[in-house]
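Student: Sharing a structure with you now.
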Amino acid sequence: MSKRTNDEIIAFRKKHFLPNAGLYHKKPLHPVKAQGAFIWDDEGKKYLDAIGGIVCISAGHNHPKIKQGMKELLERDMIQHTSTLYLNHQIMDAAEAILDEAPKGIDRVAFTNSGSEANELAFMAARQATGETMIVNLRHSYHGGTSGTLAACGHSSWRFRSQPVASVTSAMEPYCYRCPFGQKPDSCALECAKNVETTIQTSTHGKIAGFIAEPVMGVGGFIDPPKEYFDAVAKIVHNYGGKYISDEVQTGAGRCGGNFLLTKELGIDADIVTMAKGFGNGAAIGAAIMKSEVADTMAGKAYFNTFGGDPYQTMQAAMTVQVIREEKMVENAKAMGKLLKDGMKEMMKTHSLIGDVRGRGLLLGMELVKDHKTKTHAVEECLRFMDICKDKGLLLGKGGLMGNVVRIAPPLMINREDVAFMLKVMDESFRDLEKEMGARH
Ligand SMILES: Cc1ncc(COP(=O)(O)O)c(C=O)c1O
């Protein structure tokens, strides 16, 4: 393969990629190697990867068992592509592994290449099962980049002028830090959950196909609704004839600690659960799992996904689930997540830029604000903070409607030393940023 300089790659991208192919960081990162929780760039600099390629690395980069599984398949010239038209046993391994972790009553699975496709399939299944068309989503949500999923996207920045919003209506966001009802979490009456009912009553004909929500909103900035929200909403959704779709593309694969699926941990009465990202530990695989009563209604119609269920991807997913279980990574995510969150809460006392610390397990966010009273979004500061952390060897992500939420989602196998490093770098970076801001004012 030819060797390109970074400047050549950047120039080519600018000229030939779509203009929205953005890059993180002022000096873009060019990773060439990854192991466990670490990444090395083309100059040999080492980074702790606390965003995991946008929440995709669960078991750790190039986990030795998964790598061995890949090598074995390659060495025996395992067929690359079978689709579901031929048999392979890897697809069964992956299906068994994920159904073992599924909430009660969910016993059917279909594999896709991505989270978007898994959600498209979920919408189709909910519509087929109910004979209805309307989907209710949440403001601030993100469910993918395809036409149908973008129609259920709660962010203007992701929607194009030509974007259809057919058969989707949005309910208010369960966003405690910026409650759209002006309430406080400890004294509210779950107005956000009731709003799902009001939305159905006012924006549909009174029946819906489904409701879709992430148990923690990822792209939205790790918005973590109160636990009681889900039970109240699932009841409303079912009362109006809809199917509850739980989008676990970011929250799944044990990331939130407590259970492989947050849907199960929270006891959400979901009819369909979708996943991708960490489920394949970086492999291009997604899945929609659902109750038989939903799946059965799809009989007699063709559904085909050319690459969905191929041996290499499904092997990686099956091994990922196995490794997460064997190495007790869900438990580790809970313990390390608590350490990290406690440390971030402590940092809030000295760094006024941090308006809110939230999330579950190793899916943690810090919302940066210019002022605690006005909660003005600290957008530039968030970008600069990420760059300073990168220079110190820590990779972070960002999210939120305005892009002012630092997103932290490291591999689930990080240890205490990694957590201490992350906290130290973030603390130092906030200090550096505060100095810069002081110098500018
Ligand atoms: C919650 C959620 N659902 C769905 C998707 C879409 O997944 P993909 O990009 O694999 O299509 C994403 C991607 O970020 C996501 O965060």
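Computed from the coordinates by the stated procedures, all read-outs in this text should not be read as laboratory data. What you see is a predicted model, and the numbers here were worked out from it, not measured in a lab. Cβ placement follows ideal geometry from the backbone for every residue including glycine, while neighbour counts extend to all protein chains displayed.
Student: Please list, in order, the residues from region 77-98 whose amide nitrogen is less than 19 Å from a point placed 7 Å along the Cα→Cβ vector of Glu326.
Tutor: Residues passing the 19 Å test: 89-98.
Student: Fully extended, how many nm does the chain gain between Lys235 and Lys194 (0.36 nm per residue separation, minus their Cα-Cα distance)?
Tutor: On the way: separation 41, 0.36 × 41 = 14.76 nm, distance 1.06 nm.
That pair, Lys235 and Lys194, stretches by 13.7 nm at full extension.
Student: Right, another one. Hey, any idea what the orientation-averaged projected area of the convex hull of the chain's Cα atoms comes to, in nm²?
Tutor: Values: hull surface 88.7 nm².
With the hull built on Cα positions only, its mean projection is 22.2 nm².
Student: Counting other C-beta atoms within 10 Å, and keeping those with at most 16, which DSSP coil GluC sites (Glu not before Pro) do you find in region 275-354?
Tutor: Counting only loop positions with at most 16 other Cβ atoms within 10 Å, the GluC sites (Glu not before Pro) in region 275-354 are Glu327.
Student: While we're here: Would you tally the net charge around Gly267, using a Cβ to Cβ cut-off of less than 11 Å, leaving Gly267 out, and scoring K and R as +1, D and E as -1?
Tutor: Within the 11 Å Cβ shell, the charges total -1.
Student: Once the Cβ-Cβ distance between Ser352 and Ile54 is put in as r, and R0 is 41 Å, what FRET efficiency do you end up with, to the nearest 0.05?
Tutor: Details: r = 28 Å, r/R0 = 0.69.
In this case the efficiency is close to 0.90.
Student: Place a point 7 Å from Cα of Tyr86 in the direction of its Cβ. Which residues in region 311-343 have their backbone N less than 14 Å from it?
Tutor: Of the residues in region 311-343, 311-312 have backbone N under 14 Å from the label point off Tyr86.
Student: Another one. How would you rank Leu121, Leu18, going from fewest to most other Cβ atoms within 10 Å of each one's own Cβ? Don't skip to the end; give the middle numbers.
Tutor: Values: Leu121 24, Leu18 6.
With the fewest neighbours first, Leu121, Leu18 line up as Leu18, Leu121.
Student: Could you tell me the calculated FRET efficiency between Asp7 and Lys375, based on Cβ-Cβ distance and R0 = 45 angstrom, to the nearest 0.05?
Tutor: Efficiency, rounded to the nearest 0.05: 0.70.
Student: What are the lysines whose alpha-carbon lies under 24 Å from the alpha-carbon of Lys291, with same-chain residues fewer than 8 places away excluded?
Tutor: Partners found: Lys104, Lys207, Lys227, Lys235, Lys243, Lys264, Lys277, Lys301.
Student: Continuing with the same structure: Listed highest first by mean packing, meaning other Cβ atoms within 10 Å per residue, what order do 255-263, 358-366, 139-147 come in?
Tutor: 358-366, 255-263, 139-147
Student: Quote to one decimal, in nm, the extra length available between Phe304 and Gln35 on full extension: 0.36 nm per residue of separation minus the C-alpha distance between them. Present the calculation step by step, with values, prior to reporting the outcome.
Tutor: Numbers: separation 269, 0.36 × 269 = 96.84 nm, distance 3.47 nm.
Contour length minus the Cα-Cα distance gives 93.4 nm.
Student: Efficiency by 1/(1 + (r/R0)^6): what FRET value for Lys104 and Leu339, r their Cβ-Cβ distance, R0 = 25 Å, to the nearest 0.05?
Tutor: 0.20
Student: While we're looking at this one, here's another question. Top mean-square fluctuation among Leu48, Leu423, Leu395, Gaussian network model of the chain, C-alpha springs under 10 Å?
Tutor: Per the Cα network of the chain with a 10 Å cutoff, Leu423 tops the list.
Student: Report the relative contact order of the chain, percent, no decimals, based on alpha-carbon pairs under 8 angstrom and at least 6 residues apart. Please report the intermediate quantities before stating the final value.
Tutor: Working: 899 pairs, mean separation 96.0, N = 441.
For the chain, the relative contact order is 22 percent.
Student: Just to confirm my numbers, what's the Cα centroid distance between region 154-198 and region 221-276 in Å?
Tutor: When both Cα centres are located, 16 Å separates them.
Student: Which residue fluctuates most in the GNM of the chain (Cα springs below 10 Å): Arg384, Arg108, Arg161?
Tutor: Result: Arg161 has the largest fluctuation of those listed.
Student: Still on this structure: What order, most packed first, do the peptides 90-98, 27-35 have when packing is the mean number of other Cβ atoms within 10 Å of each residue?
Tutor: 90-98, 27-35
Student: State the answer as a single residue: which of Leu261, Asn305, Ala94 lies farthest towards the positive end of the charge dipole of region 66-326, with beta carbon charges of +1 for Lys and Arg and -1 for Asp and Glu, about the Cα centre.
Tutor: Asn305
Student: Given the Cα-Cα distance of Asp387 and Gln201 and 0.36 nm per residue of separation, how much length would full extension add, in nm?
Tutor: So the chain would gain 62.4 nm between Asp387 and Gln201.
Student: Looking at Gly218, Met426, Ser167, which one has the Cα that reaches farthest to the positive end of the dipole of the chain (charges on Cβ: Lys, Arg +1; Asp, Glu -1)?
Tutor: Met426
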